[in-house]
Amino acid sequence: MTIPALVVRALALAEARGFRHSSCLEAGLLLHALASTVTGGRIGEIGTGCGVGTAWMVSALQPNVGCVTIDSDPQLVAAVRDVFAISRRFRCCTVTGASLWPTGHSSSSLQTAATRKRHTPTRCLGSSP
């Protein structure tokens with residue numbers, strides 16, 4: 001499989017920022033395969049980072065499926081928005097308050113996020129499907 005152009009762009013952002021917590025190739029391929037099976041609605045991600053995992057998923061989405069991802073770092077959110085500027089099925093939101101994940105990590109389990117429901121998106125960038 002050829003690496004999708006959107007993934008290449010997200011990897012370039014991660015490299016430029018020295019971000020070392022992006023999805024590895026094997027995880028990306030799995031995310032891509034799983035996202036391709038969604039037939040409607042939206043998928044979600046917690047911990048956008050530089051958007052590598054998100055790019056794998058968005059690259060596989062069917063036309064009527066969107067993606068929403070959240071992160072606590074507004075600078076990363078803005079940079080990821082630029083990477084995904086060509087995608088109309090993508091939204092990236094920042095969250096308020098303390099981060100959803102332990103310090104030093106870019107992602108978290110849904111269980112951790114579910115226990116911290118008080119954190120709500122404050123600003124969404126991009127467009128939705």
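The values are calculated or read from the model by the stated rules, or taken from the named source; none is laboratory data. If you're wondering where the values come from, they're calculated on a predicted model, not measured in any experiment. Every residue, glycine among them, receives a Cβ derived from its backbone with ideal geometry; neighbour counts consider all protein chains shown.
Miscellaneous remarks
- Scanning region 26-47 for residues that are over 21 Å from R89 (Cα atoms) and surrounded by 13 or more Cβ atoms within 10 Å (Cβ to Cβ) returns a single hit, A27.
- Any hit, region 71-85, residues being crowded, with 18+ Cβ neighbours inside 10 Å, within 24 Å of T2 (Cβ to Cβ) and either free of Cβ contacts under 8 Å to residues at least 60 places away in the same chain or of a type in the set (D, E) (or both): no
- Number of the exception - T112 against (1) modelled with pLDDT of 50 or more; (2) part of a helix (DSSP H, G or I): (1)
- Subset tally (residues that are of a type outside the set (K, R) and over 15 Å from S59 (Cβ atoms)) for region 14-45: 12
- Residues satisfying the stated conditions in region 64-83, i.e. in contact with a Pro (Cβ under 8 Å, 6 or more places away or on another chain) and of a type in the set (A, V, I, L, M): V65, I70
- If the condition is being assigned to a loop (DSSP other than H, G, I, E, B) and modelled with pLDDT of 85 or more, then region 80-103 contributes F84, A85.
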